[in-house]
Amino acid sequence: MSGSDSKPRDPHHAVLISLRSTFPVFQECRPLAIGIHKAVLERIPGINPQQLRLAMRMHTSSARYLKALTNGETRFDLDGNVAGTVTAEQKQQALDALRERFRKGAEQHKARLLAQQQEKLRQDKLIRLAEKFNAQ
């Protein structure tokens, strides 16, 4: 599957889809070599550097990639060859980013639930008020 079944919203989405279909390390979400964007620019000379930067940010900030970093020991180049190690500090940064993301997600979920509860109470009050006036 090429990923082209659905049209990307933005050019950097298209770049990310292209990276995933061209380089297995992106598709497999393996920890990437430091500076891998330079290798991508060399291999795909016509790629827009800004769109590549945004696509790389999307990829490396995804929960799947951050989990791969926290569990990984080795970094890989575009061909899947070993290209360094994931340091303890990098693992911790990835773990912290995941924790923060999940914390924010839980807060947003809690806020949505509270808003729904408040809206239900407001609707119930309106129904009772309407019933009160209809009864008179």
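The values are calculated or read from the model by the stated rules, or taken from the named source; none is laboratory data. Predicted model, so just to flag it, every value in this text is computed and none were measured. As a convention, Cβ positions derive from the backbone with ideal geometry for all residues, glycine included, and neighbour counts pool all protein chains shown. SASA here: full protein model, heavy atoms, side chains in, ligands and nucleic acids out. Shrake-Rupley method; radii C 1.70, N 1.55, O 1.52, S 1.80 Å.
Mind checking which lysines have their Cα closer than 26 Å to the Cα of residue 67? Skip sequence neighbours fewer than 8 apart in that chain.
Residue 67 reaches 38, 91, 104, 110.
What does the accessible area of residue 10 come to, in Å² to the nearest 10, when a probe of 1.4 Å is used?
60
Roll a 1.4 angstrom probe over the protein heavy atoms and tell me the percent of accessible area of the chain that is carbon or sulfur.
Details: 5220 of 9560 Å².
Answer for the chain: carbon and sulfur cover 55 percent of the accessible area.
Compute the long axis of helix 49-60 from its Cα atoms, compare it with the longest principal axis of the Cα atoms of the chain, and write down the angle in degrees, 0 to 90, nearest 10.
70
Just read off the accessible area of residue 85 with the full protein assembly in place, 1.4 Å probe, to the nearest 10 Å².
Approximately 90 Å² for this residue.
Taking the Cα centre of the range 58-136 as the origin, how large is its charge dipole in debye, to the nearest 20, when only Lys and Arg (+1) and Asp and Glu (-1) carry charge on their Cβ atoms? Walk me through the intermediate numbers first.
Numbers: 15 positive and 10 negative charges, 130 e Å.
Roughly 620 debye, rounded to the nearest 20.
Compare 12, 59, 109 by solvent-accessible area with a 1.4 Å probe and give them largest first, with all protein chains kept in place.
Values: 12 40, 59 0, 109 95 Å².
Per-residue accessible area, sorted high to low, gives 109, 12, 59.
Can you pull the accessible area of residue 104 for me, 1.4 Å probe, Å² to the nearest 10?
Answer for residue 104: close to 100 Å² accessible.
Out of all Cα-Cα pairs in the range 7-136, roughly what percent, to the nearest whole number, are more than 20 Å apart? If you can, show how the numbers build up before the last one.
Numbers: 4909 of 8385 pairs.
Above the 20 Å cut-off, the range 7-136 has 59 percent of its Cα pairs.
When ligands, DNA and RNA are left out and all protein chains stay put, how many square angstrom of accessible area per residue does the range 1-117 have with a 1.4 Å probe?
Details: 7600 Å² over 117 residues.
In whole numbers, the range 1-117 has 65 Å² accessible per residue.
Between 0 and 90 degrees, rounded to the nearest ten: what's the tilt of helix 88-135 against the longest Cα principal axis of the chain?
Tilt relative to the chain: about 20 degrees.
Taking a ≥ b ≥ c as the square roots of the Cα gyration tensor eigenvalues, with a/c under 1.5 meaning rounded and otherwise prolate when a/b beats b/c, else oblate, which class fits the range 8-83?
Working: a/c = 1.97, a/b = 1.34, b/c = 1.47.
Note, shape of the range 8-83 comes out oblate.
Taking H as built 1.01 Å from N, whose amide H comes closer than 5 Å to the amide H of residue 76, not counting residues under 5 places away?
Residues meeting the criterion, in which the H sits 1.01 Å from N, are 32, 33, 83.
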